[in-house]
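Colleague: Here it is: the structure, laid out below.
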Amino acid sequence: MTGTLTICLRDLFRNRRRTLLVVGAVALGQAAVVFVNGMMAGFFRDIQRLITGPLVGHVQVHQPEWRTERAVDLAMDDMTARLRQVQGVPGVLQVSRRLYAAALAASSGVPGEAAVAEPAIVMGVDADSERVPGGLLEGLPRDECPEGARVLVGRVLATRLDLRPGDELALIGQDADGFPAADLFTVTGRLATNVDMINRMGVVMDVQRAGSFLALPDHAHEVVLWTDSPHRAGELARALRRLPALHGLEVLSWREAVPELVRLLDMKGLFDLIFVCVVLLAAAAGIANTAMMSTFERRREFGALLAIGARPLRIVLMVILEAVFLGLAGVVLGSTVGAGLVLITGRTGINYAALAGSEAIETSFRGLSFSSVTHPVFEWRQVAYGFGVILATSVLASLWPAVFAARLEPTEVLRR
């Protein structure tokens, strides 16, 4: 076996230019696989974080008709008792209850001029619950959180109403009993989130004050829960459905709440497989060509080995090993280069808008705002895919040349 390996390595460097070209082609394909899939992994990771962050969470609870009707009176009552049971379920890390209502928001405007009014969405939240990672108010200083008559206004709505911290904001709407609701609030700041609806129309206030404004004390339209991993959301949702306190309510994991976005996430595995096969199979074609050319060039050598007693199986093994060595050398080099690119750009980020020659932009889809900047993520499985695909294609591509070499007739070959 040692002699076979020695012959294989010697023959690989017999034509160095051809060997380097094949190794370079495989390395380029593997580097492209690792880097491009790293970018896609970063992009899809950001999507999952957005979905399971402030918009949906890991699990949601509401009245069965609320997601379609969005009526103010479709609220869950007795929330203090309900949440006490919910927080006792194993796996629940954070719980946030929310109230929603349509309203008309008006600013005082410039003295002497008419007030400016815009449609708005009143959102009552528990500030302490929403300041955690993934919450609507993540990272917001405690003194800037909505409390009492202080509210946060979405950055787009604040711009339209020309609102600044300290300004007064009038809200006019309808409470759960159908009576007019109106009150004055003080703007404590502008809120910029990944939830497009909040940016464009949101007026965020303390959930207790929202309950008073909408005549919904100790109520909630939506309860959002987080666990330690999005992958455990289905398990948590099943446990919550068994709670007596949530009987008759709709309990959905994030995959059930936004199936359109989940289908987009599930496409990544298929994309990975297709990209790996297309790029690396193209690179493996170079291995097949090299194996065939090398076999025809070395017919006399193979004939001599067969003439002195080498078994055909040894010839087959030599040709296949040479192809495998070429492929694996390319995969190792390509994986190193690709991983380096992913780790570097994972820190700096990649701005797709800048690559297209424009400024950073945000794209909205299904209520989420997607940034044009993504941070690639290195995945070991992409390296494993490369090794697996190249190993298989190297063996298959060299099989016919190997069998051809093993079936040579020594007398005929050496006579030429």
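Colleague: So what are the ³J(HN,Hα) numbers for segment 116-132, from phi and the Karplus equation (6.51, -1.76, 1.60; θ = phi - 60°), rounded to whole Hz, Gly and Pro as x?
Modeller: Computed from phi, the couplings for segment 116-132 are 9, 10, 9, x, 9, 10, 7, 10, x, 9, 8, 4, 5, 6, 7, 7, 6 Hz.
Colleague: Can I ask one more? Between ALA392 and ALA170, what is the label-to-label distance in nm when each label sits 7 Å out along the Cα-to-Cβ direction?
Modeller: For the pair ALA392/ALA170, the computed spacing is 7.0 nm.
Colleague: Quick one: Karplus J couplings for segment 34-46, per residue in order, coefficients 6.51, -1.76, 1.60, θ = phi - 60°, nearest Hz, x for Gly and Pro?
Modeller: 5, 6, 5, 5, x, 4, 5, 4, x, 5, 6, 5, 4
Colleague: On a full-extension model of 0.36 nm per residue, what is the gain between GLU250 and THR186, subtracting their alpha-carbon distance, rounded to one decimal in nm?
Modeller: Contour length minus the Cα-Cα distance gives 19.5 nm.
Colleague: Write out the GluC sites (Glu not before Pro) in segment 47-144 meeting two conditions: DSSP loop, and at most 10 other Cβ atoms within 10 Å of their Cβ. Please list the in-between numbers first.
Modeller: Working: sites: GLU65, GLU69, GLU113, GLU130, GLU138, GLU144; in loops: GLU65, GLU113, GLU138.
Counting only loop positions with at most 10 other Cβ atoms within 10 Å, the GluC sites (Glu not before Pro) in segment 47-144 are GLU113.
Colleague: Can you list the residues of segment 224-244 with backbone N under 13 Å from a point 7 Å past the Cα of ASP78, pointing along Cα to Cβ?
Modeller: Only 244 pass the distance filter.
Colleague: Spelling out what I want: for every residue of segment 236-250, take phi, set θ = phi - 60°, compute 6.51 cos²θ - 1.76 cosθ + 1.60 (Karplus), and round to whole Hz; glycine and proline get x.
Modeller: For segment 236-250, the Karplus curve yields 5, 4, 5, 5, 5, 5, 7, 6, x, 5, 10, 4, x, 9, 8 Hz.
Read-outs: derived from the displayed coordinates by stated rules, not from any lab. This one's a predicted model, so the numbers in the text were calculated from it and none came from an experiment. Quick reminder, even Gly has a Cβ in these numbers, built from the backbone with ideal geometry, and neighbours come from all protein chains shown.
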